[in-house]
1. At 0.36 nm per residue, and after removing the present C-alpha to C-alpha distance, how many nm does the segment from residue 72 to residue 42 gain when stretched out fully?
2. For the chain, with a Gaussian network of springs between Cα atoms less than 10 Å apart, report the residue from 35, 77, 97 with the top mean-square fluctuation.
3. Could the peptides 40-47, 57-64, 68-75 be put in order, highest first, of the mean number of other beta-carbon atoms found within 10 Å of their residues?
4. Ignoring the sites themselves, what is the longest stretch of the chain with no trypsin sites (Lys or Arg not before Pro) in a DSSP loop and at most 10 other beta-carbon atoms within 10 Å?
5. Using a Gaussian network model of the chain whose springs link C-alpha atoms within less than 10 Å, name the residue from 21, 78, 91 with the highest mean-square fluctuation.
6. Comparing 14, 27, 86, which has the greatest mean-square fluctuation in the GNM of the chain with Cα pairs linked when under 10 Å apart?
7. At a Förster radius of 30 Å, what calculated FRET efficiency corresponds to the Cβ-Cβ distance of residue 95 and residue 18, to the nearest 0.05?
8. Strictly greater than 21 Å: what percent of every Cα pair in the chain meets that?
Amino acid sequence: PSLGGFQRINAACIVRRKPGYFVRNYIVVIFLLTSTMFCAFMARPDDFATRVGIAFTVLLTVVAFKYGGGENIPQVSYATILDSYILINFYVVLLLSIVSFLFSMQRTMGG
């Protein structure tokens, strides 16, 4: 159809992102980092320093990974699934750190 003497062209472009890079380099790595948090529960219950050391090391590593690895992630103005995944893992590590701390305190106080 003609619009004021000009031709109208409709074009469609299907774009699909291959998620393999992000799965390998972000999701798997964050999952493994979060999983190492369970090592804190393998330390002796009265070994508070080891438990706290593991907890804070994993917590700081997840935070550093979020900000250091963010250079390779496309910048958008909304939270992506990857952002949500990293945030959820941060909260899991934080929760496990608190549980480990409370478990150590209970065992130390003779409970």
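The values are calculated or read from the model by the stated rules, or taken from the named source; none is laboratory data. What you are looking at is a predicted structure, and each value in this text was computed from that prediction instead of being measured. When we count neighbours, we look across all protein chains shown, and the Cβ atoms used for this are built from the backbone with ideal geometry, even at glycine. These area figures cover heavy atoms from the full protein model, side chains too; ligands, DNA and RNA do not enter into them. Shrake-Rupley method; radii C 1.70, N 1.55, O 1.52, S 1.80 Å.
1. 7.3 nm
2. Largest GNM mean-square fluctuation: 77.
3. 57-64, 40-47, 68-75
4. The longest such stretch corresponds to 18-111.
5. 78
6. 14
7. The calculated FRET efficiency here is 0.35.
8. On the way: 3206 of 6105 pairs.
Counting pairs separated by more than 21 Å, the tail of P(r) holds 53 percent.
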